[in-house]
Structures are given as C-alpha cells and as structure tokens.
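J.: I have a structure here, written as structure tokens, and I will follow up with some questions on it.
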Amino acid sequence: MEPKTVGKEKFFIVIRGKARKGFCRGCVGRVEAETQGGELMGLLYSGCSNAGSPKTGGIVRREDTYPLTRHQAQLLLFVSPASKRLELLCNPQLFSAICELSQDDLVVVKHKKGHLPGLVKNMMLIGRKENKDDLHMLGFEVEFVDIDDNLSSKKPAPLPLFSAADIVQVVPSYSVPLGLHWKDSQCGSLNRKAVTRINSMPNVGSRARQVRENHTEQSVIQSQSSSTSHASFEVGSMVEVVSNTGITVYGVVRWLGVPGGKTDEWAGIELDYDVNGCSDGKYGSQRYFTCKGNRGLFVPVTKCSPDSRFFCSSTGSETHQPTEAGPVSPFEDSDKDTPPIPESEASSLLVGKMKGIQGHFNSCYLDATLFSLFSSSVTLEHICQKPADTEKPITCSLRKIVNCLRRRGFVPAQSVMNFREQLGCDTFRTEEKDPEEFITLLFQKVLCVEPLLKLRSGQETSQGAYTFQIFLEKEQMGQMPTVQQLLDTSCLSSDLKFEEMPSCLMVQMPRFGNKYKMFSHIIPSTELDITDLLYNSPRECFVCGHLAEYECLQCLTDRKLQPGRIKQYCTVCNTQVHTHSSRQGHSPKPLAVPAEVSSDNPVPRHTMQLFAVLCIQTSHYVSFVKYGLNPHSWLFFDSMADRCGGDQRGYNIPEIRACPELGDFLSQPEEELARANPSQAPELVRRLLCDSYMFLYQNPATPLSKPNHQES
Ligand SMILES: [Zn+2]
Ligand SMILES: [Zn+2]
C-alpha cells in the first residue's frame, strides 16, 4: 500500500452542482483547505489514463460534496465514466461491502458473458506515482468460479481487472458455491475456505464476524444462539442473514424444517432481491417452496435473525445476534446520548431512501412530529433535557428512538411501535391521530415538561398550553395569509397575549385534519415577531415609534394602515388616528405598560425562527425540517414514501430529500411571496404552501438549562 501520509488527509466526491472550474458531478478530489464560508479548496484527480495525477485545483461548496476515505477515493477513481461513481454511491449497502472486500471474497462481476461469480484474488494499485499528490486507482483482480466444478483450478493467464462499479454483488458466503448448498464445516471445508477472509481489513463490522470465525464448529454457533434468535421464527417471519463478509440480506421465511441429508433445522428464505446463486425454492433436487429464481436461500435457522429494519438492534445487545454485525454496530452499545445532528453532517447522514423514521400502520402523525422535534433542533434539546435517573420506561423508549435517529439516520418501525404501545391509550398504537394531541401527551407525560406557552386571556390569569391553535374568521384575512398575520389576528381577536417569551411555539393552522381547511395556501413566515403579542412588554407606537399605550383590533384590517399588522398607538397618535371618520366607531383598548419603562428607549424586538413544518395531504403527515442556519438547509421527510411488498409482509420505505428550493422560495421579500403563484412553485414548495398543518418556531436564545423543569 501507499506510504502513510494519512492523518488529516480528506477526500471527497462532487455530488451535485453545475460544472465549475473543472469540478463537475462525480469528480474525485482531495481537500487542501476549507474556507470560512463552508467551501472546500481542493485538488482534482482526473482518473483517466494518466492516472491519479492531480489537475488544477478549484473551489466547491461543501454541501455539494460527499466525504470519502482514501480507500474509497481510490476505488471510485478507477470507475469511469464519473457518472457511474455516483450510481455506486447511491447504493450504499453494496458500496460499503465493496469497500470491505479483501482477498478471496466472493463477488459477482459484470463481464462480457453477463454476470459471473468470481473470487477477489488481488487488489491492484493502478497508475504512476510520481509525486506525493498523486493518487493510485484501485481495482480488483478476479478469478472466475467455474460453476460446474465448484472452484476452477488456477488459471495460468493473467487475471482480468475490474473496477468497483463492475461488481454487482458481494455474495453472502452461505450461497457458496453457486449451487447454493450450505456446506457445514465437516463436509464443506473446501468451500468454507473459499470465502474465509485471509487479510481482513479493519472495518467497523468485524466484531460479530470474529465471533463466527473463532467458532468454526457449527455446533458452537448453534448453542450460542439457539436460545435467542431463531426460537420465535415461523413461516412469514421477516428475517435477515449476515454473511461472513458482513453483508446483510433480507427476506421472508417461506419454509422451516430439516432438509434431506441434514439433522438440524433449516430455513428457506425468499430474499427481497435477486442474489446470484440462489434458487427458486429448491434445495438440491427437492422443492420446498416456490419463488422467483435467484431469490431462494437455504440456511440453518440459527443463521437468521429478526429483520433489523423492524427490530432496533440495540435491544439485543447481550447476544451474539448477527444483527449486530451491521456497519453501525459500534454505536449500539453506547448508552450515551447523542446531540442533535449538526448542520454539517445532516445531509450526508439523513438524505436518501430508508432514512428517517420508518412508518408503520398509521404512524405518520408520530414519525413526522418526532423527526421535526428531535432530528436537529438544539433549542428543543435544551427544553427536553432531564437527568437520566428520573426517567420512566417510556422516556427511555423515546430516548432510544432519538439516539437511533441521530446516530444512524434511521429508526426501524418496531422501535416506534414499542413507543406507541407505551403511550397509554390504544388509539395511539392503532390509529391516525392529530399531531397536536400527540405533542401535548409527549411534552406533558413523556418528557414531563411544563407548558411551553403561558397564555393570558384579557385580564385573567394565565393558562398553560403546548400548542397554539389559530382561531379567526376567514373574512379577517386576505387570500394567502402569512403565519405572522394569522397569529397576530388570532391573538388580537381572541384577546390573547403571551405571558412570557416562549422557547418553542407550535402554531396550528385553521384546518381540521384533511377534512377542512380555511385557506387554500398559507405563506410560512421564517421569522415570527411576537413583540406585540407579549403581555406587559413595552411596544412601539405604530405611527410615531414612541411607547404605545393603546391597541386597536378594528385597525388591524384597515386597508389604509398596512392591513394585517397589529396597531398600537401612543396617546397622541391614538387620538389622531381615530378622529378619521371611518375609524370613529373603533374602541381602542389601553395597554398594560410596564411602569419603569422610559418612553424614549427603542423597543427590543422578540423574534422566533421557523424550524419545522408539519403538513397533511390525503390524511398522510409529512414534515419539512430546517436543520441549520443556511437558508437552504431544508429537508423533506416522508416516513412512508415508498413500500416494498404490498401485503402484510411488506414494509414502508421512509425517505428524506434535500429541499434547498424551499430556501430559495422563502428568501424572497414578503411582497414577492404575497404575489407568488403556488401552482408554478416547485413540487415540494407547493406542498408546503398547500398542506401546512402546524408551524414550529423556536427561540434560538433559549438558555442552556431552563429552571422550570419540575416533575409534574
Ligand atoms: Zn404615536
Ligand atoms: Zn382603531
């Protein structure tokens, strides 16, 4: 291998953006420096015939790149054209398996005759290395496996060379040789050897593999796991099988029993996708079930474990279940809480399919809410922080979900179902609920946080609430109101004020689920100014800027006075405004002005920032989340974006999409937004405008620990 110049060496691949100074999609580069504004200055590798000599440098935005290790950069550099590199990245499971390949691992490669199985015999460094900045490309020498004779004898000819993109499958060792018969140790030593790692490269998934390699006797493995994982399987169970190379395949148990020639129990599994060498449900010459060709896998039942996409693997940490062998295992044993996902990591951790919280059985109201609240908001983290020793079991379940999301970027449906079952009422487990109802339960009973809002109605004492429901007459508003206008009008017409500045304000739009909505479109206010909605807080006269002493509800909608904004006046202006004949019927009300405030000081503004929006369309909830300060840092999350398998055995595929176009839209000035035509907006922007159900605002200035966290 190359000399160890690693240390601070960082590589990347350009994943989006227009061609710019040579950096186009698929280019591999090395970071030379990082600018303050989040841009990377880098060296660009051409990767053509003259190998990895760096061309000129250039600048690329960090969010347009994906970080690579040196090994990954070398593998991708050998792939051409560059677009095929991105295809490979889009298949993270296969790519991570390819990155972990070493000598004698079994793969299926694209070859002129089609797809052929072969053994990795050598990893070749390709290209000259004339100066220290050069980067070798990395390819695989593969020896083909002859299907008829199991493994062919050594061929004298030079072995063909393949790039990472030529590998279409890293084959689980259980289907070796390609006659798919599982060879147990006493009779299959040749074949076992064929897939045993010789020079295992260090990698994160190696722990469970070592367990198996240390106990080559089948019986040892059986006795280890027989009491744990397989006891509960039945036909129809969703399972996963981890190969010796650390690759996980998923499928459904179609048959259980002792096949001819065996003495222990085996499972016949229909895999979710084709794996070369698997059957159509036959084992040997005997048919046990029927499925598509290349999808039937037969393994000892001890090799199966519950499908970790449904069962969070952190629950089984005391056993040697293969679920732990996945590439995320180093995280699973940690008891430590994970902080909210930082802006710099959110898109690489979260964007993609099978990301976020996996929906299951009407859970979208809960998935969308939890993702909005806990993926990246630091303010919410501070509100919800409690010492671990006061924790109830349900709080613990929630903590697992939150940590799983922040570490892995994915929470399996089973974890959410466990949590739903603990919520107390059966309907939370089975039915589609209103997020508002769930939020109240979540903060009150699970997190034991005091009401987020203290509302004062008229002169009465305050009452607590966790969300704020907009309540008004449609006639009070224009066609396409902003959230700010809705909140102002609602507060004023119901005579409500906030007793104090909230740290989190969740505003519920005037609609009832999917059945009724008052406005066809609502414009999100990215910043909410609640200065004029705070009780007992100094306010500016709407006309002259001096300390206000009156406010007038009827002036709110006055077309000559900037309709929609709250109007408050000093004594002089109040008299003047209301001498106008059209306003003589108004009844301005005196404000509670703090006694000690001088009338000359400028009034400080109290603002909150939009950080998430829950939306509903055809009774399905999704959410938009702002994960950082950059105006473009928006994500769109759908816990049921897609589905694999139609019937009961199927499961939902959650998906997170980057949504920078929402940032573009919301960056327009307010007057532009008011004239916007939703039907011409990009798809996700249109969904936000049409389907918004709840807007979530936070006060970024919330102190690190709030004093009012008493157990209720
Ligand atoms: Zn005035
Ligand atoms: Zn008035």
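J.: Heads up, I need the accessible area for W266: 1.4 angstrom probe, whole protein in place, Å², nearest 10.
T.: 0
J.: Among C615, P660, V572, which residue has its Cα furthest toward the positive end of the charge dipole of segment 558-701, with +1 on Lys/Arg Cβ and -1 on Asp/Glu Cβ?
T.: V572
J.: For an R0 of 25 angstrom, estimate the FRET efficiency from the Cβ-Cβ distance between R25 and C644 and round to the nearest 0.05.
T.: Numbers: r = 28 Å, r/R0 = 1.13.
After rounding to 0.05, the efficiency reads 0.30.
J.: Can you compute the modelled spin-label distance between L161 and D274, with each label point 7 Å from Cα toward Cβ, in nm?
T.: Calculated label separation equals 2.9 nm.
J.: Sorted from largest down, give the three principal axis spans of the alpha carbons of segment 359-462, whole angstrom values.
T.: 48, 30, 24
J.: What length, rounded to one decimal in nm, is gained on full extension from E345 through to H632, with 0.36 nm per residue of separation minus their alpha-carbon distance? Show your work: numbers first, answer last.
T.: Numbers: separation 287, 0.36 × 287 = 103.32 nm, distance 1.44 nm.
Computed gain between E345 and H632 is 101.9 nm.
J.: Here's a follow-up. How high is the relative contact order of segment 411-497, given as a whole-number percent (alpha carbon pairs under 8 Å, six or more residues apart)?
T.: 20
J.: I would also like to ask the following. In the neighborhood of P92, defined by Cβ-to-Cβ distances under 11 Å, what is the net charge if each Lys or Arg adds +1 and each Asp or Glu adds -1?
T.: The answer is +2.
J.: Something else: When the scattering of segment 434-567 is computed by the Debye formula from its Cα atoms alone, each counted once and equally, what is log10 I(q)/I(0) at q = 0.17, 0.18, 0.19, 0.21 Å⁻¹?
T.: The calculated log intensity ratios at q = 0.17, 0.18, 0.19, 0.21 Å⁻¹ are -1.00, -1.11, -1.22, -1.41.
J.: Next question, about the same structure. Using the beta-carbon distance between A465 and K392 and R0 = 30 Å, what value does 1/(1 + (r/R0)^6) give for FRET efficiency, to the nearest 0.05? Don't jump to the answer; show the numbers that get you there.
T.: Working: r = 23 Å, r/R0 = 0.76.
Working from the Cβ atoms, E equals 0.85.
J.: What FRET efficiency, computed as 1/(1 + (r/R0)^6) with R0 = 25 Å and r the Cβ-Cβ distance, is obtained for Y535 and T579, rounded to the nearest 0.05?
T.: Details: r = 29 Å, r/R0 = 1.14.
So, using R0 = 25 Å, E works out to roughly 0.30.
J.: Here's a follow-up. Among C690, C24, what's the order by accessible area (1.4 angstrom probe), most exposed first?
T.: Details: C690 30, C24 50 Å².
Result of the area sort, largest leading: C24, C690.
J.: Once you have the Cα-Cα distance between T338 and K474, take 0.36 nm times their residue separation minus that, and quote the gain in nm to one decimal.
T.: Details: separation 136, 0.36 × 136 = 48.96 nm, distance 4.41 nm.
Net length gain for the segment: 44.5 nm.
J.: Something else: Sorted by accessible area (1.4 Å probe), largest first, how do V572, V622 line up?
T.: Numbers: V572 100, V622 5 Å².
Order by accessible area, largest first: V572, V622.
J.: Right, something else. Rounded, prolate or oblate: which fits segment 500-611, taking a ≥ b ≥ c as square roots of the Cα gyration tensor eigenvalues, rounded meaning a/c under 1.5, else prolate when a/b beats b/c?
T.: It is oblate, given that a/c is not under 1.5 and a/b is not larger than b/c.
The values are calculated or read from the model by the stated rules, or taken from the named source; none is laboratory data. These numbers come from a predicted model, not from an experiment. Positions of Cβ are backbone-derived with ideal geometry, glycine not excepted, and every protein chain shown enters the neighbour counts. Areas reflect the complete protein model, heavy atoms only, side chains present, ligands, DNA and RNA absent. Shrake-Rupley method; radii C 1.70, N 1.55, O 1.52, S 1.80 Å.
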